[in-house]
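A short worksheet on the structure shown next.
The values are calculated or read from the model by the stated rules, or taken from the named source; none is laboratory data. Quantities reported herein were computed from a predicted structural model and do not represent experimental measurements. With ideal geometry, Cβ positions are generated from the backbone for all residues, glycine too; neighbour counts draw on all protein chains shown.
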Amino acid sequence: MTALEKNKVLIEEMLSLYIEKVFWDNNSKQRFFNYLKSNYNCFIFGGIIVDYLLKRTNHRDVDIVIDNFDNDLIEYIERLNGSKNSFGGYKVVIDNLIIDIWPIEKTWAFKRNNTLNFFLPMLLPMTSFFNATSIIYSLSEQKLYWTEGFSKFLTEKKVDIVFEENPYPELCIVKTIDYIRNKYEISPNLKKYIRQFFGVKYQLLESIQIKHYGFIKYSLNEIITILQSLEDNNRYPKTEKEEERQFTLF
């Protein structure tokens, strides 16, 4: 049994306090958070939970899935100068905190199987691409739900795939670079996925970063160098420093 399983109730209580602290400002951030909690069935997912469990406190954003999203919420977001993002969700920035809000019907997994809504707390973590993010926190229940893959991520420090179907494999490749840079082991399954899509998606690796982050975190040259370091033989194009850039997988 992992520490997360042994101490689940305590961790849930502490995480609840931590999330409230992230939104606490006695002003617009807190009002928005309270509005969501009071009116919608909300699930927080992604980096903020993992960061908390790993004792990291630097958050670029907070991701929230809502399964009863309505026009009232859209109007509220617009009053806060929020807008629809290019991935089908909504983005609002309040006091430098980026909040990405996703209607459940706009998530990739729900589009593939709309019966997911009936088992949302248990099944939503299983729709994460990475095992490292296959955990959610239900605001209404104040409970955590995670996959077996997430437990393995915590114990083995190895990043793997949970739900392979994804509309943006180029973004999955970029996010894998984050894990590599943070010294996590990459599973053979994830390496295979990168090999499969790199050759047809390399031209999108920089543009997807601008679309998702608003800037380029990793140049294409840097991505190639990092991915080459994972392999015993060169499966990826040579970098500019080695030779004029080539874009054919070997």
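Filtering Tyr179, Tyr193 for residues that are over 28 Å from Ile98 (Cα atoms), crowded, with 18+ Cβ neighbours inside 10 Å and either over 16 Å from the mean Cα position of the chain (by Cα) or free of Cβ contacts under 8 Å to residues at least 60 places away in the same chain (or both) leaves a single hit, Tyr193.
For Phe247, the criteria (1) surrounded by fewer than 16 Cβ atoms within 10 Å (Cβ to Cβ); (2) hydrophobic (A, V, I, L, M, F, W, C); (3) touching a helix residue (DSSP H, G or I) at 6+ places or on another chain (Cβ under 8 Å); (4) modelled with pLDDT of 90 or more hold in every case but one, which is (4). Restricting attention to segment 9-53 and to residues that are acidic (Asp, Glu) and assigned to a helix (DSSP H, G or I), the residue that is surrounded by the fewest Cβ atoms within 10 Å (Cβ to Cβ) turns out to be Glu13. A single member of Ile66, Ile99, Ile77, Ile104 is under 14 Å from the mean Cα position of the chain (by Cα) and of a type in the set (Val, Ile, Thr), and it is Ile99. Phe150: assigned to a helix (DSSP H, G or I), surrounded by 17 or more Cβ atoms within 10 Å (Cβ to Cβ), under 16 Å from the mean Cα position of the chain (by Cα) and aromatic (Phe, Trp, Tyr), yes or no? Spelling it out, Phe150 is indeed assigned to a helix (DSSP H, G or I), surrounded by 17 or more Cβ atoms within 10 Å (Cβ to Cβ), under 16 Å from the mean Cα position of the chain (by Cα) and aromatic (Phe, Trp, Tyr).
Selection over segment 193-207 of residues that are farther than 17 Å from Gln228 by Cβ and either of a type in the set (Ser, Thr, Tyr) or not assigned by TED's automatic domain parsing to the domain that holds Tyr218 (or both) gives a count of 1. The set of residues from segment 1-51 being of a type in the set (Lys, Arg) and in contact with a helix residue (DSSP H, G or I) (Cβ under 7 Å, 6 or more places away or on another chain) comprises just one member, Lys29. Annotation note: Cβ proximity below 6 Å between a residue of segment 63-75 that is closer than 26 Å to Ser134 by Cα and a residue that is at pLDDT below 95 and part of a loop (DSSP other than H, G, I, E, B) (sequence gap 6+ or interchain) occurs for Asp63/Gly46; Ile66/Tyr40; Asp67/Asn41; Asn68/Tyr40; Asn68/Asn41. For segment 130-145, what are the residues that are assigned to a loop (DSSP other than H, G, I, E, B) and surrounded by fewer than 23 Cβ atoms within 10 Å (Cβ to Cβ)? Selection gives Leu139, Ser140, Glu141, Gln142. Can you work out which of the residues in segment 88-100 that are free of Cβ contacts under 8 Å to residues at least 60 places away in the same chain and part of a loop (DSSP other than H, G, I, E, B) is surrounded by the most Cβ atoms within 10 Å (Cβ to Cβ)? So the residue we want is Gly89.
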